[in-house]
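Trainee: Take a look at this one; I'll ask things after.
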Amino acid sequence: MLSRIVLGLVTMALGTVSAVEATTLWVGNDTASPVERFDSVTQASLGFFGQTGASGSALDGAGHVYTVAPSFGNNVIQKYDAAQNVVASFIAAINGQWIEDMTYGGGGTLWVSTFEGDVFHVDGAGNVLSSFTTGGSFVGVATDGAFLYTTTGFNGDNTITKRLFDGSVVSVVTTGFGGGGGIGYDASDNTFWVGYLGGQLRHFDVAGNLLGGFITSTANNALDGLEVGEISEAAVPEPTVLTLLGVSLLGLAGAAWSRR
């Protein structure tokens, strides 16, 4: 009896570990619409979010979404709750530049990348905290919390650059696909999603290997903004399946021993 229960637990654990979990892709359509959300597995549209004429978006992991309606020197950034109510709004002038992509920088700050190829760190009032240049145009920006990652833009090469927060280059990976725009980091599996012209999304591992991709419903647009994740992330990670399996096995072993 004990052996059958153990076998069942192992089977459930392996099945759970091998399952592919969906995440939400937040896609900017080069100001043609609000940010559009997609399911990463089914590739289905989950609807639009926020203000019209948007490009980049960012998630703070605490129930808020930022989107930007760009304009040279007048980038309107709005902060929303999960019900799409505006809870804050500010202008990011950033030296007269046009924001393409964004990612959350912690502490109410954002990293934003521009048509002109620069990356700015801004506070919740749009003040510039720091900046650096990438040498590209239409560039995207993402972060894993420890490093920044930038693309070379729609006219650029087939690389993703890993950087320190001051812009210093740590490493460069080659994807084999030039012209990457918006980029988002998926913390659930340590991968990247990158947007391209023609509504193309591509999924890469951290070594630049292609994992998959699809063409969005906005096939005529340039995907210049991209974020990955959910509006609210769990504050405390749930125990892993293998941990639960170990606890269950110990409990069963103890029960079996007590019956001797």
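None of the figures in this text is laboratory data; all of them are computed from the coordinates on show. Note that the structure is a prediction, hence the values are computed from the model and not measured. Backbone-built Cβ (ideal geometry, glycine too); neighbour counts: all protein chains shown.
Trainee: Gain in length, VAL41 to THR133, computed as 0.36 nm per residue apart minus the alpha-carbon separation, to one decimal in nm?
Mentor: Separation in residues times 0.36 nm, less the Cα-Cα distance, equals 29.7 nm.
Trainee: Right, next: Go through 43-50, 84-91 and give me the packing order, highest mean Cβ count within 10 Å leading.
Mentor: On the way: 43-50: 14.6, 84-91: 11.9.
Final packing ranking: 43-50, 84-91.
Trainee: Along the charge dipole of segment 109-197, which of VAL112, VAL194, VAL122 sits closest to the positive end, that is, farthest toward it, with unit charges on the beta carbon of Lys, Arg, Asp and Glu (+1, +1, -1, -1)?
Mentor: Going by the charge dipole, the pick is VAL194.
Trainee: Over what distance in Å are the Cα centres of segment 157-215 and segment 34-68 separated?
Mentor: Rounded to whole Å, the Cα centres lie 18 Å apart.
Trainee: Separate question: Please state the relative contact order of segment 22-232 as a whole percent: Cα pairs under 8 Å, 6+ residues apart? The partial results should precede the final answer.
Mentor: Numbers: 695 pairs, mean separation 38.6, N = 211.
In percent, rounded to a whole number, it is 18.
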